[in-house]
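Notes for the one structure printed next.
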Amino acid sequence: RYRPDWASLDARPLPAWFDRAKVGVFVHWGVFSVPAWGSEWFWWHWRGEHRAAYESFVRSRFPPGTTYADFAPLFTARDFQPRDWARLFQRAGARYVVLTTKHHEGFTNWGSSVSWNWNSLDTGPQRDLVGELGQALRESNIRYGLYHSLLEWFNPLYLADKESGFKTQNFVLKKTMPELYDLVLKYKPDLIWSDGDWDAPESYWNSTSFLAWLYNDSPVKDTVVVNDRWCSNCSCRHGGYYNCADKYKPGTLPAHKWEMCSSIDKLSWGYRSNMNIAELMDEASIIEELVQTVSFGGNYLLNVGPTKEGVIVPIFQERLLALGKWLDTNGEAIYETKPWRVQMENSTDMVWYTSKGPVVYAIFLLWPQDNVVELSSPAPSPDTQVTMLGFAGTLKWQKSPGEGLLVTLPCMPPSPQSGWALKLEGVK
């Protein structure tokens, strides 16, 4: 049995499904989707920091005296069709989906009994958003992850504990922990994506006791995966797999399983009505991030923010479907792969490697003008065979003057996509 200390918890093997999955979709959705401006940190910027831009935004758009609580009834989720979401995420190639059950604003997307009148059953949607999406994802055979923030910016219990230098634990005992246990028992998640950990040490959050229960006695003890945001100074050191930081990109192969979370909207995780096209990731940069992440042994979690009505706007759908289409052709070089002995060609960051057993995949992000790709890392043998995913037949190759091989690509102008995968058999 696991003990409630990091030495014991950190020794738990990561359930294998997570490393095999490689691709997930992150969904940031809550009351912050109502002002839909700035970012999901709207309440903090407005009432915590009193930023002038936020104050004038509320003054110009909402009645005098508006409070953040007044936004909740406008969070209607009226157009939320969980099966449509699940179908979209499946077509995007996602093997798991992570939904915000509660962000730092404290509003819960399920009927939490310790979040009186500040949850999606009592107000706003009057629906169990966490449960409905979970059911639809499971029907589509997609694993379900729950994002949960430990802290709540303006919860009086949290503020009082903070005031005491985190010597009291009223907020943890009456709010955070009951919610975590409730989420696990009610929804049996495959993944818990913890956040909001940075203010206080483990002794305040009781994270290790919760994780020991999760790993020893919970209904998901054998399958559940968690991240590393469980207390101040936990990130990149303790927990399950590592997030390290938002949009984290290691320069070399990490020794520990990790995940890169990224957002199609480069400036926000929640939906913003004022985003413009230049602020969104294009298909090429999404594929580049995915390829680099997987080469370095990571998983790629790509975020969208739905509107307050529960619509994933067409531009986000288009980006997700483009990713899915690319994976339809090249997924063999992504899903269930392992990092190879070399992650990228050192002369260029345009060729990246993954492997599966003896097979090596070289994914190149720019089509060479002379239709010849130089791979200096793989050592060919007389049995070497080279094919390109999505293209019938084998490709001609020759030993390059130095090390490695020169592969002649098909003489077709590449379709307007980014990233092509060569499958190399019989190389070392």
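For the Cα atoms of the chain, what angle does the longest principal axis make with the long axis of helix 52-61, in degrees from 0 to 90, nearest 10?
Around 70 degrees separate the two axes.
Under the Kirkwood approximation for Rh and a Cα-based Rg, what ratio Rg/Rh is obtained for segment 338-427?
Reported Rg/Rh, Kirkwood definition of Rh: 0.92.
Quick one: helix 283-295 against the long Cα principal axis of the chain, what's the angle to the nearest 10°, folded into 0 to 90?
Rounded to the nearest ten degrees, it is 80.
Using a simple charge model, +1 on the beta-carbon of Lys and Arg, -1 on the beta-carbon of Asp and Glu, nothing else, what dipole does segment 6-333 show about its Cα centre, in debye to the nearest 20?
Using Cβ point charges on Lys, Arg, Asp and Glu, segment 6-333 gives about 200 debye.
Quick one: compute the contact order of segment 238-353, relative version, from alpha carbon pairs under 8 angstrom and 6+ residues apart, as a percent.
Relative CO of segment 238-353 lands at 25 percent.
Provide the per residue accessible area, probe 1.4 Å, for segment 1-133, rounded to a whole number of square angstrom.
For segment 1-133, the solvent-accessible area averages 42 Å² per residue.
Tell me, Kirkwood radius of segment 238-338 from alpha-carbon pair distances, in Å?
Roughly 14.6 Å, rounded to one decimal.
Could you tell me how many cubic angstrom of Cα convex hull volume segment 6-333 has per residue?
Roughly 133 Å³ of hull volume per residue.
Straight-line reach only, C-alpha to C-alpha below 20 angstrom: list the lysines that K399 could link to, leaving out same-chain residues fewer than 8 apart.
Partners within reach: K423, K428.
Compute the long axis of helix 129-139 from its Cα atoms, compare it with the longest principal axis of the Cα atoms of the chain, and write down the angle in degrees, 0 to 90, nearest 10.
Approximately 30 degrees, to the nearest 10.
5 Å is the cut-off here: which amide hydrogens, built 1.01 Å from N in the peptide plane, fall below it relative to N371, excluding neighbours closer than 5 in sequence?
none
Per-residue ellipticity at 222 nm for the chain, helices alone: DSSP H runs ≥ 4 residues times -39500 (n - 2.57), over residue total, nearest 500 deg cm²/dmol?
Calculated mean residue ellipticity at 222 nm is -7000 deg cm²/dmol.
Please list T337, T76 in order of solvent-accessible area, largest first, computed with a 1.4 Å probe with all protein chains present.
T76, T337
Heavy atoms only, probe 1.4 angstrom, no DNA, RNA or ligands counted: give me T100, T394 ranked by accessible area, highest first.
Most to least solvent-accessible, the answer reads T394, T100.
Which percent of the accessible area of segment 6-333 is formed by carbon and sulfur heavy atoms (probe 1.4 angstrom)?
51
The values are calculated or read from the model by the stated rules, or taken from the named source; none is laboratory data. Worth saying up front: this structure is predicted, and the values here are computed from it rather than measured. Every residue, glycine among them, receives a Cβ derived from its backbone with ideal geometry; neighbour counts consider all protein chains shown. Just the protein is used for accessible areas: all its heavy atoms, side chains included, with ligands, DNA and RNA removed. Shrake-Rupley method; radii C 1.70, N 1.55, O 1.52, S 1.80 Å.
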